[in-house]
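As structure tokens, the structure follows; a few thoughts come after it.
Every number in this text was worked out from the coordinates using simple rules, so none of it is lab data. Quick caveat: nothing in here was measured; it's all calculated off a predicted structure. FYI the Cβ positions are ideal-geometry reconstructions off the backbone, even for glycines, and counts take in every protein chain you see.
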Amino acid sequence: MNCGAHDILARVFGYDAFRGEQQTIIGHVAAGGDALVLMPTGGGKSLCYQIPALMRPGTAIVVSPLIALMHDQVSALREAGVAAGYLNSSLDLESARATERAMRAGDLDLLYVAPERLMTPRFLDSLDHLRDTERLALFAIDEAHCVSQWGHDFRPEYLQLSILPERYPAIPRVALTATADRQTRDEIIQRLHLGTARCFISSFDRPNIHYTIVEKADPRRQLLNFIRDEIHSRFSRAAGIVYCLSRRKAEETAAWLQEHGIAALPYHAGLPTDIRAKHQGRFLREDGLVMVATVAFGMGIDKPDVRFVAHLDLPRSIENYYQETGRAGRDSLPAWAWMTWSAGDVVQQRRMIDSGEGEAGMDYETYRRLARNRLDALVGLAETTACRRRQLLAYLGEETAAPCGNCDNCLDPPKTWDATEAARKALSCVYRTGQRYGAGHLIDVLRGELTDKVQNKGHEVLSTFGIGNDLDEKHWRMVFRQLVAHDFVCVDHERYNALALTDAARPLLRGETGLLVRLPSEKLRRSKRQRKGFARGIPGGVPATLFERLRAWRAETAQTRNVPAYVIFHDATLRGIAVNRPTTLEDLREITGIGEHKLETYGGEILEIVAACG
């Protein structure tokens, strides 16, 4: 299909304009150039290799790490009228051989393949055949951050992809990812031999995502209130992902949500393979399900209508937080990223870092330092009283001029307290008592409480005894939580959670720095500003009857064709139909997301539904 980029964009995919640097990237790759593309989830990365694949002669090979992602993307391409296939372990021998024959015959525009399959002698021979007959269009390496040994998405097989420029030097390569800080970016370039590739870095901003971070009180109840008050009040059926640190917590939280009327499923690596596949399949194909999962779930999930991502525990880093929250709102409609956290989460993450074995090719101390720095940056995001989006983007290397107006701090500015004096008293008390006691005992000393333990230890004679009686226990516990979170004190778990000073405490004790903390927010308040422009169940106040009828038709059609509903049409496309109420195929052609093949396949049915809801 040797056509122009704009023609393919409109005729095949149903869009009338490129976004950001898409057009430049497509032109560069189509002309034979190598590229590294960093683009946020939902930013349109796939088109950056799919359109060049259709512009160049032959078959494009797309390296993808996950079976589910391959299946869904190939289904979506076929729905758009593109000749696409995949090779992975889910295919039986006959189906795999048929796909291989189609590839060698040049009948496929795109072929998705797992990295371990690509490296087999049989597949490399087929690639050699395509190259020798000038029918090898390009290589696209999706989820390229899997080559980084730093992240939890590391795939050892990706390291072998360095063979491609050696064996096929004339074939363009494009590596794509939504997750790449400077260190990961450099690692991708080095390990995939992309030193001469052109690097395209799009804005990391996801303006449709509303960010909220709250301190833990009753996390499950807080989560339930968030889903009910912020999500279900706007959307009658909304898909979401809830991340938990442990497998047990994922299962228990899913069960608890089910008991409270939320359709929820658990997902973690400890579940049987068939159960994981079943739950993932249901999440992709059904509306309104909530997946409660560990980080084993998520990468490659191409579901565009996830309305929220919630974290019940602190992620490992800002990169992880950005990647995981980025799975919400890929359709560019409003979405929510909500997290609850505590100082205990920070302590647990630091324990995991300190007890870890590091990463391959990195000495332990370097690993520990980098991991703690990344965690500290995330704690800073949780603690900030300024615009969260600005701080998140600044960490990712992108400066913004003004607050976003779409995070909790912008919509409801937090109250703050200068806790410098209280913090210095607390640190002095930690030191005077020998750095051997937990927060409860230290608070008794600071408040001048003559408990048996205080008297048995002789701590009533210390200079810090009673110097903090102006604060109640609640405020002192908040002070100690902040000292732990900011790493002014560390927790010794082998000594019954005793607190000890860190090197970072010295400037605070000497008065060279201060401590400003945010006060816990009051009960979640509904903001009229947030709610403006929403009607229950439909983004943007779309007529309810027609929109819901279109969704029902889409669900039936998807079930018949055994594909996820969003492969048929995104919610944004259904929204466009409901708002514009087309009466002819020409009217329908103007709706974003409807290409020629879908117009021919579904146009008549859609017009009948619109007419019936007249």
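Using Cβ counts within 10 Å as a stand-in for footprinting exposure, how do TRP476, TRP553 rank, fewest first?
TRP553, TRP476
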Checklist outcome for this item: Mean Cβ-within-10 Å packing, highest first, puts peptides 554-563, 371-380, 425-434 in the order 425-434, 371-380, 554-563
Checklist entry - Using bins 10 angstrom wide from zero, how does P(r) for region 209-413 break down, in % of all Cα pairs? => result 8, 34, 36, 19, 3, 0
Item to check | Nonlocal amide H pairs with MET339, under 5 Å, H built at 1.01 Å | outcome: THR212, ILE213, VAL214, HIS311
Checklist outcome for this item: Helix-only [θ] at 222 nm, the chain, -39500 (n - 2.57) per DSSP H run of 4+, per residue, nearest 500, equals -13000 deg cm²/dmol
Checklist entry - Given +1 on the Cβ of Lys and Arg, -1 on the Cβ of Asp and Glu, and no further charges, what dipole in debye does region 544-612 carry about its Cα centre, rounded to the nearest 20? => result 220
Next on the checklist: With +1 on the Cβ of every Lys and Arg and -1 on the Cβ of every Asp and Glu, and nothing else charged, how large is the dipole of region 385-529 about its Cα centre, in debye rounded to the nearest 20?
Outcome noted: 500
Checklist entry - Scaled to the compact-protein estimate 2.2 N^0.38 Å, what is the alpha-carbon radius of gyration of region 539-614, rounded to two decimal places? => result 0.99
Checklist entry - Taking square-rooted eigenvalues a ≥ b ≥ c of the alpha carbon gyration tensor, is region 5-201 rounded, prolate or oblate, where a/c under 1.5 means rounded and, failing that, a/b exceeding b/c means prolate? => result rounded
Checklist outcome for this item: With label points set 7 Å from each Cα along the Cα-to-Cβ direction at GLU590 and ARG182, the distance between them in nm comes to 4.9
Item to check | Karplus 3J(HN,Hα) series, Hz, for region 466-476 with 6.51 cos²θ - 1.76 cosθ + 1.60 (x for Gly, Pro) | outcome: x, 6, x, 6, 7, 10, 7, 4, 4, 5, 5
Checklist entry - Which one of ILE467, ALA439, ASN497 has its Cα pushed farthest toward the positive end of the charge dipole of region 417-518, where Lys and Arg give +1 and Asp and Glu give -1 at the Cβ? => result ASN497
Checklist outcome for this item: Relative contact order of region 544-612 (C-alpha contacts under 8 Å, at least 6 apart) in percent is 31
Item to check | Calculated from backbone phi, Karplus (6.51, -1.76, 1.60) coupling profile of region 317-334 in Hz, x at Gly/Pro | outcome: 6, 5, 4, 4, 4, 5, 5, 6, 5, x, 7, 8, x, 5, 8, 6, 7, x
Checklist entry - Given H placed on each backbone N at 1.01 Å, which residues far from ARG198 in sequence or on other chains put an amide H within less than 5 Å of it? => result ASP34, ALA35, LEU36
Checklist outcome for this item: In whole Hz, the Karplus estimates of ³J(HN,Hα) for region 93-100 (6.51, -1.76, 1.60; θ = phi - 60°; x where Gly or Pro) are 4, 5, 5, 4, 5, 5, 5, 4
Item to check | Dipole axis of the chain (+1 Lys, Arg; -1 Asp, Glu on Cβ), positive-most option in GLY32, SER236, ALA5 | outcome: SER236
Checklist entry - Of ILE141, ILE231, how do they rank once you tally other Cβ atoms within 10 Å and put the fewest first? => result ILE231, ILE141
Checklist entry - What list do you get for ILE568, ILE25, ILE301 if you sort them by fewest beta carbons within 10 Å? => result ILE301, ILE568, ILE25
Item to check | Amide H partners (placed H, <5 Å) of TYR86, local residues excluded | outcome: TYR112
Next on the checklist: With +1 on the Cβ of every Lys and Arg and -1 on the Cβ of every Asp and Glu, and nothing else charged, how large is the dipole of region 209-413 about its Cα centre, in debye rounded to the nearest 20?
Outcome noted: 360
Checklist entry - Which is farthest toward the positive dipole end of the chain among SER95, SER428, GLN73, measuring Cα position about the Cα centre, with Cβ charges +1 (Lys, Arg) and -1 (Asp, Glu)? => result SER428
Checklist outcome for this item: For region 70-187, the Debye formula with one identical point scatterer on each Cα and no solvent gives log10 I(q)/I(0) at q = 0.11, 0.12, 0.15, 0.16 Å⁻¹ as -0.39, -0.47, -0.74, -0.84
Checklist entry - Normalised by the residues of the chain, what does the relative contact order come to in percent, with Cα pairs under 8 Å and at least six apart? => result 14
Checklist entry - What does the highest-first list of 386-393, 61-68 look like by mean Cβ count within 10 Å? => result 61-68, 386-393
Next on the checklist: Looking only at region 5-201, where both bridge partners belong to it, what percent of the DSSP beta bridges are antiparallel (to the nearest 5)?
Outcome noted: 0
Item to check | Cα-Cα over 18 Å, subset of LYS425/LYS453; LYS453/LYS474; LYS249/LYS278; LYS278/LYS303; LYS415/LYS474 | outcome: LYS425/LYS453; LYS453/LYS474; LYS249/LYS278
Item to check | Point-to-point label distance, ALA10-ASP92, nm (Cα→Cβ direction, 7 Å offset) | outcome: 4.5
Checklist entry - So what's the projected area for the chain, the Cα convex hull averaged over all directions, in nm²? => result 29.7
